[in-house]
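Following: one structure in structure tokens, then a few remarks.
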Amino acid sequence: MDLVWELLIILLKIVVVVLLFAFPIGSLMTLLGDRKQSSLIQNRIGPNRARLPGINHPLVGIPHFLADGLKMIFKEDIIPRQANRFWHTLAPAISLFPAIALWAVIPFSDHYCTGTATMVDYRDVCVDGAFYNLFSISNLEAGLLYVFAISAVSVYGAAIAGWASNSKFSLLGGLRSSAQMISYEVTMGLSLAGILIIYGTLNLNEMVVVQGQLLWDWLPMWGIVVQPLAFFLFLAAMMAETKRAPFDVPEGESEIVAGYFTEFSSMKFAVIQLSEYVATVFVGSLVSTVFLGGWQVPWLYGDGFYFGNTDEPSIPLPYWLVIVLRVGSFSIKTLFILWLQFMLRWTLPRFRYDQIMTLGWKILLPLSLANLVITAFVVLVLL
Amino acid sequence: MKDNLSPLSPIDFDHMSSEDVMVLNMGPSHPAMHGTVRMVLTLDGETVVKCDAEIGYLHRGFEKQCENATWTQVFPYTDRLNYVSPLLNNFGYALAVEKLLEIEVPDRCNYVRTILGEVSRLSDHFTCVGAGALELGAMSAFLYAIEARELLWDLVEEVTGARLTVTYARVGGLKDDLTEDFPERWAAVEPRLHSTIDRLDRMMTKNRVFMDRMQGTGVISPEDAINYGFTGPVLRSTGVAYDVRKDHPYFAYDRVDFDVPVGTTGDNFDRYLVRVEEMRQSIRIINQALRDLPDGPVSVDDPRIMLPEKEAVYNTIESMIAHFKIIFEGVQVPAGEVYSFTEAGNGELGFYIVSNGTGKPWKLRVRPPCLYLMGGIDRMVEGGMVADIIPTFDTINMIGGEIDR
């Protein structure tokens with residue numbers, strides 16, 4: 001009976017995370033981020049024509065996003081004559097899979113405490129009960145390694161899409177994206193090595209718990225505080241990994257049309273786009289988990305706000321409110337990183353392919369190595 | 001059998017057999033190949049080994065059309081040459097015919113032509129700089145530039161009645177004078193242009209990514225540029241200070257003070273900088289010309305050349321006859337030939353006209369600045385990367401309507 005219950009909860013978590021968080025935010029971002037925000041930046045009005053039946057108001061353009069989805073479904077699906085039908089059809093699924101699977105380890109809040117939660121030494125402790133994993137799909141011990149592994153798989157989607165289309169533009173796009181993603185994975189891993197030394201864990205929820213500790217009793221020990229350089233390195237590497245501007249050479253529309261998805265149409269095109277946006281949202285959630293304290297609200301612990309290492313909370317709060325605040329805090333941080341990515345997208349021109357390689361191998365990689373060495377040295381001396 | 005039916009094109013097929021290179025057909029339908037040209041690229045990885053530019057997709061027989069139109073009827077055709085700055089083509093052609101007629105237009109006409117010509121040049125440069133940013137992925141900068149262009153086109157529309165197909169010049173003058181409120185309108189637009197130029201400058205000139213993309217790409221030496229017949233901003237970016245407005249002044253350019261910006265390296269970044277500086281100079285020219293704008297008529301007072309007032313046409317027999325003669329037979333231009341050239345947005349726009357003494361040109365040949373620039377594009381992109389074609393193709397600012405005629 002317990003097993004069935006457990007499975008049901010996991011299924012529910014998957015549904016909630018994927019269908020209620022990742023997809024809606026991912027696809028809404030196509031609208032609000034890419035279209036409405038860009039229109040604000042560019043002194044335009046943006047999408048405002050489509051209306052929902054019965055509501056005579058543009059609703060900041062949300063009906064457009066529904067209309068777009070509907071349109072995509074009804075579009076003709078074109079497969080180029082000499083394309084490899086099997087791989088051409090499979091490629092969108094291959095690129096969507098890692099984008100969804102990555103969400104398995106993201107903690108949306110701390111484990112649920114079945115007893116009474118309180119704080120000891122800036123850590124939540126559960127009195128008269130146990131922690132129960134309710135807010136991440138899976139509490140993997142090797143969570144961060146899982147993220148690296150799955151995001152490495154996402155290169156296959158682009159490479160296969162580019163190769164199977166039988167178009168030279170697609171091929172160039174596929175090659176570019178493979179080269180770019182493989183190069184930036186090195187930086188991505190190394191920039192996090194320093195933070196692994198400090199936190200001493202790969203479990204993402206455990207990482208967030210550690211970030212609840214305070215330096216000098218007032219400064220939350222978020223990743224961005226202890227590893228500021230790694231934050232920028234990791235953000236840049238992740239943006240390159242998800243092929244967002246200014247690293248969007250694999251789909252650089254001016255030179256190679258649309259890159260590896262030039263020959264895709266209809267819902268296949270939409271799925272590739274969607275997986276890219278979901279991956280973008282994931283970057284936001286991962287960066288906020290590792291560097292911005294994840295679900296942590298500064299000075300908020302199991303039963304309220306603590307200013308100083310006291311026994312009683314300075315501002316006591318009910319446990320349900322703490323959970324709401326934490327999930328909200330995580331979502332806001334994620335959206336902030338997303339917003340940052342879109343601001344960059346609409347501000348910066350695109351790099352050239354070889355410049356991206358130079359940046360990755362000759363600047364970001366040495367920097368992340370230096371960061372790792374210095375962190376290791378400092379940790380050795382201090383601890 | 002089917003393959004034999006495919007249209008032949010001047011492509012070097014030797015490269016196709018090699019296994020180390022890939023032939024990539026860029027255009028004529030490609031997002032970056034605006035103005036429909038086709039580039040057959042031979043690529044070694046991402047490096048361009050060979051570039052074969054093929055033009056002619058927008059050919060509409062402009063020069064032949066002109067032989068069947070009266071001198072005045074040619075004006076609408078010239079609108080469609082460089083469709084980003086149609087007024088400059090209008091004025092260039094009018095100047096050529098006036099040289100053939102050996103007439104002098106009134107001073108006010110020269111000033112108005114200078115003013116509106118520079119307005120057109122501004123719109124041309126704004127489009128070029130903005131589109132360059134767009135193609136490098138900075139769409140916001142593009143829209144800022146286009147907003148400024150809209151302001152300019154509003155000015156043009158106010159005076160000429162059209163945004164693009166202006167047909168504003170006439171042989172011996174202009175269709176109309178400037179509107180009375182033009183100076184106020186210009187005064188309202190000018191600060192916004194300045195702020196847009198400054199904003200573009202801030203967004204792009206010091207932008208590391210932009211500099212990396214533009215500097216050292218699409219380089220051409222001054223010798224090569226001259227040998228290929230380059231003119232305009234592309235030639236000036238190499239350090240050769242040749243500007244028709246300065247070296248062979250026409251209209252009122254010898255009576256206004258302006259600088260000719262030159263580059264040093266002849267790369268894309270210098271071409272961009274030259275254009276940005278020319279925009280500032282254009283604003284300077286307009287301000288001076290508006291300040292010195294003399295009073296008087298804008299057209300020559302000659303019934304054989306200019307259409308009479310509509311009122312006179314209906315009420316006097318002489319005017320009616322003059323009207324009839326100009327409309328049906330055209331302005332009678334004495335036999336002879338002339339080559340007249342002006343500085344258009346992209347360089348020297350020349351008109352070589354042969355007249356046989358009738359109301360229609362016997363032969364009209366255009367020297368479009370872009371044609372010569374496109375002739376040398378292979379020099380600028382070969383050895384670079386595929387991505388470098390984009391800024392290079394933009395900064396030479398090829399306009400399809402002008403190159404293919």
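The values are calculated or read from the model by the stated rules, or taken from the named source; none is laboratory data. Since the structure is predicted, the reported quantities are computational estimates derived from the model, not experimental observations. A quick note on method: Cβ atoms are made from the backbone with ideal geometry, for glycine too, and the neighbour counts reach across all protein chains shown. For the accessible areas, the whole protein counts, side chains as well, though only heavy atoms, and no ligand, DNA or RNA atoms are used. Shrake-Rupley method; radii C 1.70, N 1.55, O 1.52, S 1.80 Å.
Worth pointing out:
- Directionally averaged projected area (the range B:318-405, Cα convex hull): 7.6 nm².
- On a per residue basis, the convex hull of the C-alpha atoms belonging to the range A:51-131 measures out at 222 Å³.
- All aspartates and glutamates inside 16 Å of A:LYS168 as judged from Cα atoms, apart from same-chain residues fewer than 8 positions distant: A:GLU251, A:GLU253, A:GLU255, A:GLU263, B:GLU19, B:ASP20, B:ASP44, B:GLU46
- Pairs of alpha carbons in the range A:230-355 whose separation is greater than 22 Å (percent): 50 percent
- Taking all protein chains together and rolling a 1.4 Å probe, B:ARG284 ends up with roughly 80 Å² accessible.
- Solvent accessible area, Å² - B:LEU164, 1.4 Å probe, full protein context: 60 Å²
- Size check on the range B:68-109: the Cα extents along the three principal axes, sorted descending, read 27, 26, 12 Å.
- For the range B:253-405: span of alpha carbons on each principal axis (Å, largest first): 68, 39, 25
- Of the chymotrypsin sites (Phe, Trp or Tyr not before Pro) in the range B:345-405, not one is in a loop by DSSP (not H, G, I, E or B) with at most 13 other beta carbons within 10 Å.
- Computed over the range B:246-334, the P(r) curve from all C-alpha pair distances, binned at 10 Å from the origin, holds 14, 26, 19, 21, 15, 5, 0 percent per bin.
- Computed from backbone phi with θ = phi - 60° and the Karplus coefficients 6.51, -1.76 and 1.60, the 3J(HN,Hα) list for the range A:125-131 is 10, 10, 8, 6, x, 9, 6 Hz; x is used for glycine and proline.
- For chain B, the percent of C-alpha pairs falling in each 10 Å distance bin, counted from 0 to the bin holding the largest distance, reads 5, 22, 30, 24, 13, 5, 1, 0.
- Spin-label pair B:ASP181/B:GLU157, simplified geometry with 7 Å Cα→Cβ offset, distance in nm: 1.5 nm
- Cβ-Cβ FRET estimate between B:ASP201 and B:VAL354, R0 fixed at 60 Å, reported to 0.05: 0.85
- Trypsin sites (Lys or Arg not before Pro) lying in DSSP loop within the range B:186-245, provided at most 10 other Cβ fall within 10 Å: B:LYS206
- For chain A, the mean projected area of the C-alpha convex hull, equal to one quarter of the hull surface, is 22.2 nm².
- Of the DSSP H helices in chain A, those with a Cα length along their own long axis of 24 Å or more and a mean Kyte-Doolittle hydropathy reaching 0.0 comprise A:85-101, A:143-164, A:168-199, A:266-291, A:319-347, A:365-382.
- For the range B:363-404 and the range B:55-113, distance of Cα centres in Å: 22 Å
- Along each principal axis, Cα extent of the range A:170-210, largest first, Å: 44, 17, 9
- Where no second cysteine Cβ lies under 4.7 Å, the cysteines concerned in the protein assembly as shown: B:CYS51, B:CYS66, B:CYS109, B:CYS128, B:CYS370
- Annotation note: GluC sites (Glu not before Pro) in the range B:41-125 located in DSSP loop regions with a Cβ neighbour count of at most 15 within 10 Å are B:GLU102, B:GLU104.
- Evaluated over the Cα positions of the range A:191-277, the convex hull gives a direction-averaged projected area, one quarter of its surface, of 7.7 nm².
- Where chain A is the region considered: accessible area per residue in Å², 1.4 Å probe: 44 Å²
- For the range B:282-288, the Karplus equation 6.51 cos²θ - 1.76 cosθ + 1.60, evaluated at θ = phi - 60°, returns couplings of 4, 4, 4, 4, 4, 4, 5 Hz by residue, with Gly and Pro reported as x.
- Shielding by other protein chains, A:254-260, mean Cβ within 10 Å: 6
- FRET efficiency for A:VAL186 and A:VAL225, using Cβ-Cβ distance with R0 set to 22 Å, rounded to 0.05: 0.30
- Subtracting the Cα-Cα distance of A:THR114 and A:SER266 from their residue separation scaled by 0.36 nm leaves 50.0 nm.
- Computed over the alpha-carbon atoms, the range B:162-218 gives an Rg to Rh ratio of 1.24, Rh here being the Kirkwood radius from the mean inverse distance.
- Tensor-based shape of the range A:90-242 (alpha-carbon gyration tensor, a/c under 1.5 rounded, otherwise prolate or oblate): oblate
- When A:LEU144, A:LEU175 are compared by accessible area of protein heavy atoms, the largest-first order is A:LEU175, A:LEU144, using a 1.4 Å probe.
- Volume per residue for the protein assembly as shown equals 224 cubic angstrom (convex hull of Cα atoms).
- When shorter helices are ignored and each DSSP H run of at least 4 residues is given -39500 (n - 2.57), the per-residue value for the protein assembly as shown at 222 nm works out to -16500 deg cm²/dmol.
- Separation between Cα centres of the range A:119-150 and the range B:256-302, rounded to whole Å: 67 Å
- Exposed trypsin sites (Lys or Arg not before Pro) absent - longest run of chain A, DSSP non-H/G/I/E/B, at most 15 other C-beta within 10 Å: A:82-383
- With 22 Å as the limit on Cα-Cα distance, the pairs of A:LYS243/B:LYS206; B:LYS99/B:LYS363; A:LYS243/A:LYS268; B:LYS310/B:LYS363; B:LYS64/B:LYS360; B:LYS175/B:LYS360 that go past it are A:LYS243/B:LYS206; B:LYS310/B:LYS363.
- Farthest toward the positive end of the dipole of chain A, out of A:ILE160, A:THR310, A:LEU140, is the Cα of A:ILE160, where the dipole comes from beta carbon charges about the Cα centre.
- Selection from A:ILE100, A:MET207, A:PRO53, by position along the positive dipole direction of the range A:2-382 (Cβ): A:PRO53
- Normalised Debye scattering of the range B:179-330 at q = 0.09, 0.11 Å⁻¹ gives log10 I(q)/I(0) of -0.51, -0.67, counting only Cα atoms as equal scatterers and leaving out solvent.
- Peptide B:131-141 - average C-beta neighbours from other chains (10 Å radius): 6
- Solvent-accessible area, 1.4 Å probe, carbon plus sulfur percent, for the range A:2-382: 72 percent
- Förster-model FRET efficiency, 60 Å R0, B:GLN215 and B:ASP302, C-beta, rounded to 0.05: 0.65
- 10 Å Cβ neighbours from other chains, averaged over peptide A:352-359: 4
- Between B:MET320 and A:LEU20, the modelled labels are 8.7 nm apart [label points 7 Å from Cα along Cα→Cβ].
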